[in-house]
Structures are given as C-alpha cells and as structure tokens.
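Reviewing the structure listed below.
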Amino acid sequence: MKKTYTIGLVLLTLCFVTCQNAFAGWPIGKYRSIVVPSFNYYTAKDTWDKSGNKVKGVNGSGFTSYAAGLYVGYGLSRKLDLLVNVLVPFQSSKSVSTAGVVTPQSSSGFGDMQVGLNYALVNFNYTGYLSVQASGIIPLYKNTNRDIALGYGAYGSEVKLTYSGGINNKLIKGYFNLETGYRRYFDVDGPNVLIYSGSIGKSLPGRNQISIEIGGQWASSNNKTFSQNLSVNRDFAFTKGALNLGHTFTRRFSVFANGFYTLVGRNSGIGYGGALQTVIKI
C-alpha cells in the first residue's frame, strides 16, 4: 500500500500571515501603502488521523513546501484599506510503497489570491482598533495533471474580525492581536472553515520585538473522505504555536522572522515551518 504525506496551502498560508499580526487591524492610513514580500517554508512527515491520533510516517516519505509570498495593502481612506495577498508555492513529496519503492512528486505555480477590504469599526483612544475584513478567494491555478493539488481550486469568501492594540504598562510594552473568522469555499463539498488566533508581543531594546501566538483552523464538510494528500481534505482541524521575532530598521522598513509547530490536529499534518518577511511602508 502506497502512502503519501502531503499538505497544501493551509498551514503555509497561516504561516505567511503570522508576522503580519504586528500591524493587523490597524488602519494603513489614507493614500498610504504597505508591502510585505516573504519567503515561507513548511515540512511534515507524520499525520493526525480523524480521531486526532498520531500516525507515524513511513521512512523516506514526507512533504516539503517553499513559497514566495506578497501581501499589499493600500489605504483608501483613514478607516478603509484594500488588501491583496498571494502565494507562489513549490511543493514536493515522497511516497513509499510496501516494497520500499520511493516515488517523488512535485507541483508549483500560483496559489490562491485573496482580495478584500478592511474597515476599522472602532478605535479606543487610538491605542486599539476593532476592525472587520471581507475578502474573496480566487484560485490562480488548475489541478488538472498536477502530481499534488495546490489547493481546492475553488472560489471562496472570508469574513474576519480583528481586535488589536498597544500595551503600555510596567510589565509589558508592546501589542496584542485577537482574530477570528469564517471562510467558505463555493464548492458542493465546501469546506466551511473557522479561523482563530491570538498573539501578544513585547518591545525589546534596540528596536526589536518578540511575540508568541496560538492559532489554527477548524474545517467541516459533508465530504469526510481522508486522503493522504492533505491539501484536498475538507474535514480537518489543527492548532499551532508560533514564536515571532522582529526588528525595525526605520519607521518604514522592518524585518520579521517566525517559526511554528503544529500542536494538535485532526486529518492534518504534524509539521513545522517558518517565514521571513520584510515590511515596507510607503
């Protein structure tokens, strides 16, 4: 029996947006822009089954994904921002048959593009913001003749609520970010996806900062079929923990790096990854 352990853009996308929590929910500013190019990495060998039990990967099997990403935001007004987010992944996997034969597979190309609007509903003395974001998901690929699917290949939508703000007291001088959202893919099998994350960061000497985050996704679908190609599974869940580091060189240029590990899950991979991002404010 052949086993293939792969995962698509699900964790990679979450990895991509992790460092953005440092400024998520805050208005960009009228006629101002923010550009975030990134490099992302994810790898997994073991999996969790539908009951959350760990399934050990066969020696020689595994999945690795590298991706270039670009996040662009533009302030249409003091409260309303236009956001565009896209990833270009390269995915590779190795499967091992019961006879010990290793079969490599790979796919690359543009992934899903997300385009939306973010509106700052309420500000709390300009030290915290409650904002709502609505966006559409546009697949920039077709999975026909691909060894590994780059995603569901379906259009979708997402609504997200973010509460973020600064922290300034004797113990911590930094920021926090709380986020929850709902994503729906317009396919007969969905899925419906709940998104959640929470992070807290602290400023360090030398214009540095550090933060920790817990976040994940919970997806449900009428299609309960489990595939070893995890990128096409529609009924899954996972929670990850992440550590983020950042340095501000100027008011307009910062660099962030993060690493994460999946802590628990269902029909998902047990893996780790990270991202390196530059934040450019124009």
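A few notes on this one:
- In this label model, K202 and N123 are separated by 2.9 nm, measuring between points 7 Å along each Cα→Cβ vector.
- Neighbour-count order for F260, F238, F176, F253, fewest beta carbons within 10 angstrom listed first: F253, F176, F260, F238
- Each of T225, T278 was scored by other Cβ atoms within 10 Å of its Cβ. Listed from fewest to most, they are T225, T278.
- Its Cα gyration tensor gives the range 10-281 an equivalent ellipsoid, and the semi-axes of that ellipsoid, as √(5λ) in whole Å with the largest first, are 33, 20, 17.
- Difference of contour (0.36 nm per residue) and Cα-Cα distance, T180 to K50: 44.4 nm
- Listed residues L82, W48, S220: farthest to the positive end of the dipole of the chain (Cβ charges): L82
- Partners of K54 within straight-line reach, counting aspartates and glutamates whose Cα lies under 14 Å from its Cα and excluding those fewer than 8 residues away in the same chain: D46.
- Partners for K79 among lysines (Cα-Cα distance below 22 Å; same-chain residues under 8 apart left out): K30, K160, K281
- Net length gained if the chain between N223 and F90 were fully extended (0.36 nm per residue, minus Cα distance): 45.2 nm
- Couplings 3J(HN,Hα) of the range 248-253, computed from phi: 9, 7, 9, 5, 10, 9 Hz, in residue order, whole Hz [Karplus 6.51 cos²θ - 1.76 cosθ + 1.60, θ = phi - 60°; x for Gly and Pro].
- Sequence-distant contacts, meaning Cα pairs under 8 Å at least 6 residues apart, place the relative contact order of the chain at 20 percent.
- Farthest positive-ward along the chain dipole, Cα basis, beta-carbon charges - from T239, S211, Y182: S211
- Distance between the 7 Å Cα→Cβ label points at I214 and S106: 3.9 nm.
- Under the convention that each Lys and Arg Cβ holds +1 and each Asp and Glu Cβ holds -1, the size of the dipole of the chain around its Cα centre is about 540 debye.
- In the chain, helices alone account for a calculated mean residue ellipticity at 222 nm of -1000 deg cm²/dmol, with every DSSP H run of four or more residues adding -39,500 (n - 2.57).
Throughout, read-outs are computed from the coordinates displayed, never taken from laboratory work. Values in this document were obtained by computation on a predicted structure and should not be read as measured data. Cβ sites come from the backbone with ideal geometry, for glycine too, and all protein chains shown count toward neighbours.
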